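S.K.: Attaching a single structure in structure tokens format; questions to follow.
The values are calculated or read from the model by the stated rules, or taken from the named source; none is laboratory data. Since we're looking at a predicted model, the values are computed, not measured. Cβ: placed from backbone, ideal geometry, glycine included. Neighbour counts: every protein chain shown.
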Amino acid sequence: MSSQNALAISDVRVVISMRTILQGIVWQVAPRSCAAVLGPNGCGKSTLLRVLAGYQYPTSGSVTVLGRKFGEANLNELRQSIRLVQPPNAYDLEPDLTVRQAVLTGFFGTLGQFHGVTPKMIAKANVTLGELGLSHLAERFYQTLSTGERTRTLIARAIVEPVELLLLDEPTTGLDLPSREAVLRTIESLAGRVTVVMTTHHVEELPASTSNVLLLDGGRVAADGEPGGVLTSEMLSRVYRMPVTVHREGGRFYLHVGTRL
């Protein structure tokens, strides 16, 4: 992998059912950093993550992920180093699995029961549960978890095996404040270990470790770069088409909706 970029995309365009979802996307993300894709509904955030995961091929443009260029690399092999975590739902894992069993499915790429679990796998699953603050839930059934606990379990499942790129699609959607902060602490704990790219609608959901923000508007890049240069009152007011004021506190960003710029 390049020592400079975990991912590099140039002039990426995605057309689905004759509708242009992304247009002219250019972006680079450094290895083992935390990056975020931000923007209103329908701006193409989830589509971009699917492109980076190798599940949606761009209509045109260049995509290089972990040093391997789409069109030249074996995507099946590349996907072994990438995990995409989407918001939990009733069908993401079999509900009668315990949390530990759910994490163990990460070794097999299955959603349900599996065979051939080794003591080494169980030990690694236990370590991962501990790292993400889930040890006390190990014997709980997945179906009994809150949405936030399910999200953290899915992240544990994604990283139980070595991974270089973790893609999180709106990991804090639908969470109350304590659950949201627990998920953000989980993401913070990965800082410096893997490259994390997450999507969100809200600047207050960006972990303090976020060093790179891509702001999308109508499928195009409105701004990109370090958070302080992108998450400005003027820029976000323009993209969200309403007057907002941004302030930063403790490394996190917060919005206030105002009546005038």
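S.K.: Can you tell me which residue is modelled with the lowest pLDDT among those in region 83-112 that are closer than 17 Å to Val183 by Cα and in contact with a Phe, Trp or Tyr (Cβ under 8 Å, 6 or more places away or on another chain)? Let's see the steps before the verdict.
M.R.: Taking region 83-112 first, the residues closer than 17 Å to Val183 by Cα are 83-89, 99, 103.
From what is left, the residues that are in contact with a Phe, Trp or Tyr (Cβ under 8 Å, 6 or more places away or on another chain) are 84, 99.
Details: Leu84: 91, Val99: 94.
Residue satisfying both the conditions and the ranking: Leu84.
S.K.: Right, next: Answer with yes or no whether Gln23 is polar (S, T, N, Q) and free of Cβ contacts under 8 Å to residues at least 60 places away in the same chain.
M.R.: So Gln23 does not fit the description; no.
S.K.: Follow-up. From the list Arg185, Arg252, exactly one residue is without any contact (Cβ under 8 Å) to a residue 60 or more places away in the chain, closer than 14 Å to Ala36 by Cβ and surrounded by fewer than 17 Cβ atoms within 10 Å (Cβ to Cβ). Which is it?
M.R.: Just one listed residue meets the conditions, Arg252.
S.K.: Ala6 fails exactly one of the following numbered conditions: (1) surrounded by 15 or more Cβ atoms within 10 Å (Cβ to Cβ); (2) more than 16 Å from Leu168 (Cα to Cα). What is the number of that condition?
M.R.: Condition (2) is where Ala6 drops out.
S.K.: Something else: So Phe70 passes all but one of these: (1) within 29 Å of Val29 (Cα to Cα); (2) free of Cβ contacts under 8 Å to residues at least 24 places away in the same chain; (3) surrounded by fewer than 17 Cβ atoms within 10 Å (Cβ to Cβ). Which condition number does it fail?
M.R.: Unmet condition: (3).
S.K.: How about region 33-48: which of its residues are modelled with pLDDT of 95 or more and in contact with a Lys or Arg (Cβ under 7 Å, 6 or more places away or on another chain)?
M.R.: Answer for region 33-48, where residues must be modelled with pLDDT of 95 or more and in contact with a Lys or Arg (Cβ under 7 Å, 6 or more places away or on another chain): just Val37.
S.K.: A further question on this structure: When the residues of region 70-110 are filtered to those that are among the β-branched types (Val, Ile, Thr) and closer than 20 Å to Leu137 by Cα, which remaining residue is farthest from the chain's Cα centre (by Cα)?
M.R.: Thr98
S.K.: Take the residues in region 56-81 that are assigned to a loop (DSSP other than H, G, I, E, B) and touching a strand residue (DSSP E or B) at 6+ places or on another chain (Cβ under 7 Å); name whichever of them is nearest to Gln4 (Cα to Cα).
M.R.: In this case the residue turns out to be Leu66.
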